[in-house]
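Asker: Next up is a structure, given as C-alpha cells.
The values are calculated or read from the model by the stated rules, or taken from the named source; none is laboratory data. Keep in mind the model is a prediction, meaning the values are calculated, not measured. For neighbour counting, all protein chains shown are included, and Cβ atoms are generated from backbone atoms with ideal geometry for every residue, glycine included. To get the accessible areas, we keep the full protein, side chains included, count just its heavy atoms, and leave off ligands, DNA and RNA. Shrake-Rupley method; radii C 1.70, N 1.55, O 1.52, S 1.80 Å.
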Amino acid sequence: MYPVQRSSQRLGLRELTIDDVDGVFAIYGNQEATEHLSFEPRTLEQVGNIVARSIGAATEEPRGEYALAVVERDTNKLIGFGRIATDPHQQRAATMGFALRPDAWGVGYGLETVRLLLGLGFEDLGLHRIWGARSPLNEASAKTMTAAGMVEEGTIREHIQKAGKWRDSVVHSMLDHEWLATQVAGS
C-alpha cells in the first residue's frame, strides 16, 4: 500500500520525505525522546540514512515496513514517527512503534498516533495481530497502549541492550476482532 494517508481529529500519518530529516532528528536525536526507546540518540547523518531507507522501503513489493511521519493536521508540522513492520514469521502480524517530540507529550497525541497505526494495520493492511514493546519504566506508553485497547501480554526478559546494560521489554498487543469491538463501541 502506497502512499499511506490516514488522519484523526488532530493528526495525520503520511509517507516520509527527505524534507523530514530535521523533524525526525528532533525526536531520534533527542536524549529525552529516546530515553525509553531501544537505541541511543542518533546523529543527523544516521537519521538521514533512516529516512532515506524508509523512503526506499515504501515502494517495495511486497511492502514490509511502514515508517511514517506523524503530523499535526492544522500545521502539517512533523511531531512524531510511527512504524508498522510486518513479521514474516507470523501470519498477518506486525510490530508497531511510535515516538513523539517531547514538546508534543501530554496532550493525547500518543493515543491518537497509536489508534492511527492500529487502524492502518487492521483496516488497510488486513492484519490479525499487532504488538508493540515498551521499556518497563515507560508508564506513559503503558497508559497510552492500554487506553487504545491493547492488552499487556508480558515481559521479554533482557530484550534490549542499551548503554551497555540489558533491559526488559513489556509487550502489548491487539487482535483484529478486539479492534473491531473498539470501533463498534466508539460509534
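Asker: Going toward the positive end of the dipole of segment 11-102, with +1 on Lys and Arg Cβ and -1 on Asp and Glu Cβ, which of VAL70, ALA52, ALA33 do you reach last?
Answerer: My answer, from the dipole projection, is VAL70.
Asker: A further question on this structure: HN-Hα J couplings of segment 82-88 from phi, Karplus 6.51/-1.76/1.60, θ = phi - 60°, integer Hz, Gly and Pro as x?
Answerer: x, 8, 10, 10, 5, 10, x
Asker: If you place +1 on the Cβ of every Lys and Arg and -1 on the Cβ of every Asp and Glu, how big does the dipole about the Cα centre of the chain come out, in debye to the nearest 20?
Answerer: Its charge dipole is roughly 180 debye.
Asker: For ILE79, list long-range residues whose amide hydrogen, built 1.01 Å from N in the peptide plane, is under 5 Å from its own amide hydrogen.
Answerer: Long-range HN contacts for ILE79: VAL70, VAL71, GLU72.
Asker: Output the Kirkwood hydrodynamic radius of segment 11-97, Cα pairs only, in Å rounded to one decimal.
Answerer: Here the Kirkwood hydrodynamic radius works out to 13.6 Å.
Asker: When the accessible area of segment 68-187 is split by element with a 1.4 Å probe, what percent falls to carbon and sulfur? Walk me through the numbers before you get to the answer.
Answerer: Numbers: 3160 of 6150 Å².
That fraction is 51 percent.
Asker: To continue, here is another question. Determine, from the Cβ-Cβ distance of ALA140 and ALA85 and an R0 of 35 Å, the FRET efficiency 1/(1 + (r/R0)^6), rounded to the nearest 0.05.
Answerer: Efficiency computed from Cβ-Cβ geometry: 0.95.
Asker: When DSSP beta bridges are limited to those with both residues in the chain, what percentage is antiparallel, rounded to the nearest 5? All intermediate terms of the calculation are to be shown ahead of the outcome.
Answerer: Values: 36 of 39 bridges.
For the chain, the DSSP antiparallel bridge percentage is about 90.
Asker: Please quote Rg/Rh for segment 112-177 to two decimal places, taking the Kirkwood radius as Rh and restricting both calculations to Cα atoms.
Answerer: Working: Rg = 12.9 Å, Rh = 12.6 Å.
Expressed as Rg/Rh, it is 1.03.
Asker: Once fully extended, how much extra length lies between VAL184 and GLU61, figured as 0.36 nm per residue of separation less the alpha-carbon to alpha-carbon distance?
Answerer: Difference between extended and current length: 41.0 nm.
Asker: Something else now. In what sequence, largest accessible area first, do HIS36, HIS89 appear using a 1.4 Å probe?
Answerer: HIS89, HIS36
Asker: Also, quick follow-up: Return a whole-number percent for the relative contact order of segment 52-147, with Cα pairs under 8 Å and 6 or more residues apart as the contact set.
Answerer: Result for segment 52-147 is 20 percent.
Asker: Provide the FRET efficiency to the nearest 0.05 for the THR155-SER38 pair, computing r from the beta carbons and using R0 = 25 Å. Walk me through the numbers before you get to the answer.
Answerer: On the way: r = 15 Å, r/R0 = 0.59.
Computed FRET efficiency for THR155 and SER38 comes out at 0.95.
Asker: Next question. Report the full-extension gain for the segment HIS128 to GLN9: residue separation times 0.36 nm, less the Cα-Cα distance, to one decimal in nm. Intermediate values should be presented prior to the final figure.
Answerer: Working: separation 119, 0.36 × 119 = 42.84 nm, distance 2.54 nm.
Full extension of this stretch gives 40.3 nm more.
Asker: So what is the 222 nm mean residue ellipticity for the chain from helices alone, if each DSSP H run of at least 4 adds -39500 (n - 2.57) and you divide by all residues, rounding to the nearest 500 deg cm²/dmol?
Answerer: -9000 deg cm²/dmol
Asker: Same structure again: On a full-extension model of 0.36 nm per residue, what is the gain between ASN30 and LYS162, subtracting their alpha-carbon distance, rounded to one decimal in nm? If you can, show how the numbers build up before the last one.
Answerer: Values: separation 132, 0.36 × 132 = 47.52 nm, distance 1.53 nm.
Extending this stretch completely gives an extra 46.0 nm.
Asker: Something else now. When a/c reaches 1.5 or more, the comparison of a/b and b/c decides; with that in mind, is the chain rounded, prolate or oblate per its Cα gyration tensor? Kindly include the intermediate steps, with their values, before the conclusion.
Answerer: Numbers: a/c = 1.29, a/b = 1.08, b/c = 1.19.
Cα axes put the chain in the rounded bin.
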